[in-house]
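These notes are about the structure you will find just below.
The values are calculated or read from the model by the stated rules, or taken from the named source; none is laboratory data. Keep in mind that what you see is a predicted model, and the values were worked out from it rather than measured. Every residue, glycine as well, gets a Cβ built from its backbone with ideal geometry; the counts of neighbours run over all protein chains shown. The protein model used for the area step is the full one, side chains on, heavy atoms only, and it has no ligands, DNA or RNA in it. Shrake-Rupley method; radii C 1.70, N 1.55, O 1.52, S 1.80 Å.
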Amino acid sequence: MIQRLTLRQPDDWHLHLRDGAMLRAVLPETARHFGRAIIMPNLVPPVVTTGDAAAYRDRILAARPDGSTFTPLMTLYLTEDTDPADVRAGAESGLITAVKLYPAGATTNSASGVRDFDKVTAVLETMAEIGLPLCVHGEVTDPAVDIFDREAVFIDTVLDPLRRRIPGLRVVMEHITTADGIAYVQAQPNGQMGGTITTHHLIIDRNHILVGGIKPHYYCLPVAKRATHRDALIAAAISGDPHFFLGTDSAPHTDANKESACGCAGCFTATNTLSCLAEVFDRHGALDRLEGFASRHGPAFYGLPVNAGTVTLEKGDPVAYPPRIDSGDGPVTVFDPGFPLRWRVIDPA
Ligand code: NCD
Ligand code: ZN
């Protein structure tokens, strides 16, 4: 018997599209299957004003394949100079869907992020007033804190105090990698707090990066933790809990920049994400909950309608995805889940 699965068209609530040649190369990989995506603003220089976001949105729309109706949902990169009036105007015009907080120095292109949280209080209060979500990269940058502990320490020392100081601020804890992150988000009121989980963090743990030789294409931030944490992420994703939704954090870097003495952080999963997710949910007997995770919980949090279209997957012989795509700037390796992908998207192909 042929096994098929039809879902409302999914969205990606955390995506890096970059700019220029890389944008043109990676956008079709997401637009093939996804209706919308929250577009990360960590360009060089970052997307900090509503004007920057409008221009970036136009470049994304111009890079869409012919006939694509993919909708980019734009974000602003929060800096200590962000103007609350600009954020309000951007949100009210419908252009801005969220604001992104990077602690300064936490990850790729985060040098202009926030150091002194007092300097962004007025912006956060405006966001709480108008219901605009704050998407948070949840890691402390204190060099004294071990990289594997940075997420858990962030929750206690930054995220929870911040939420107490600005009640009403709606927050998404992005790319959760720990059982601590899952437990924290789960305990907050639904609608006030959400959490995204990436495709790769449902599959790899830290051993994938380090055992049998260093594997730069599994290095991302927040770095994958031990397998017990990965299992907590899977449990949350397949639970049907509406706090949790897909944010792939697909983050393309050229192979030259990944396979280097100081390699960039980021896994490129746009190409095979739906096959990977179907495989994970299938292995856990939870295919009936994939639609909630990939297509329903995100729109509910953001107050947007579910997509009108659908995607259909079919289970059969393993799908051969290209090992890398050409970006114009050089090849970009596609995430290798390390197991066969038997679910293929048949419609839209
Ligand atoms: C992202 C990137 O490359 O922009 N890298 C990553 O490892 N996820 C930045 C980020 O989301 O932290
Ligand atoms: Zn990211």
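Descriptive notes on the structure:
- Using the Karplus relation 6.51 cos²θ - 1.76 cosθ + 1.60 with θ = phi - 60°, the per-residue 3J(HN,Hα) values for the stretch 339-347 come to 9, x, 9, 8, 9, 10, 7, 9, 7 Hz, with x marking Gly and Pro.
- Positive-end residue of ALA89, ALA128, ILE214, charge dipole of the chain with Cβ unit charges: ILE214
- For the chain, the longest principal axis of the alpha carbon atoms and the long axis of helix 121-130 meet at an angle near 60°.
- Euclidean distance of C-alpha centroids, the stretch 136-204 and the stretch 255-310, integer Å: 19
- ³J(HN,Hα), Karplus 6.51/-1.76/1.60, whole Hz, each residue of the stretch 45-54, x for Gly, Pro: x, x, 7, 10, 10, 4, x, 4, 5, 5
- By accessible area with a 1.4 Å probe, ligands and nucleic acids excluded, highest first: order of LYS315, LYS258: LYS315, LYS258
- Per residue, the average separation of C-alpha pairs within less than 8 Å and at least 6 apart gives the stretch 4-347 a relative contact order of 19 percent.
- Most fluctuating residue given options ALA256, ALA144, ALA235, as computed from a GNM of the chain linking Cα atoms under 10 Å: ALA144
- Descending by average beta-carbon neighbour count within 10 Å, the peptides 42-53, 192-203 line up as 192-203, 42-53, the highest first.
- Backbone amide hydrogens, once placed in the peptide plane, bring VAL114 within less than 5 Å of TYR102, ALA104, excluding anything fewer than 5 places away on its chain.
- Taking every protein chain into account, the 1.4 Å probe leaves ILE2 with about 110 Å² of accessible area, to the nearest ten.
- Total formal charge among the other residues, if their Cβ is under 13 angstrom from that of PRO331, Lys/Arg +1 and Asp/Glu -1: -2
- Multiplying the residue separation of ASP288 and ALA261 by 0.36 nm and removing their Cα-Cα distance gives an extension gain of 5.4 nm.
- Heavy atoms of HIS229: accessible area, 1.4 Å probe, square angstrom to 10: 40
- Sum of side-chain charges, ILE238 neighbourhood, beta-carbon under 15 Å (Lys, Arg +1; Asp, Glu -1): -2
- Neighbours of ARG36 by Cβ distance under 11 Å: Lys/Arg scored +1, Asp/Glu scored -1, total -2.
- Antiparallel bridges, percent of DSSP beta bridges restricted to the chain (to nearest 5): 35
- Sorted peptide list for 269-278, 59-68, criterion being average Cβ within 10 angstrom, highest first: 269-278, 59-68
- Averaged over its residues, the stretch 58-116 has an accessible area of 42 Å² per residue, based on protein heavy atoms and a 1.4 Å probe.
- For the pair SER239 and LYS119 in one chain, pulling the backbone fully straight at 0.36 nm per residue adds 39.4 nm over the alpha carbon distance.
- Carbon + sulfur, % of accessible area of the chain - ligands and nucleic acids excluded, 1.4 Å: 52
- Positive-end ranking of ILE204, PRO41, ALA261 along the dipole of the stretch 4-347, with charges on Cβ about the Cα centre, is headed by ILE204.
- Count of Lys pairs (Cα-Cα under 23 Å; at least 8 positions apart or interchain) in the chain: 4
- Dipole magnitude (debye, nearest 20) for the stretch 4-347, charges at Cβ of Lys, Arg, Asp, Glu: 620
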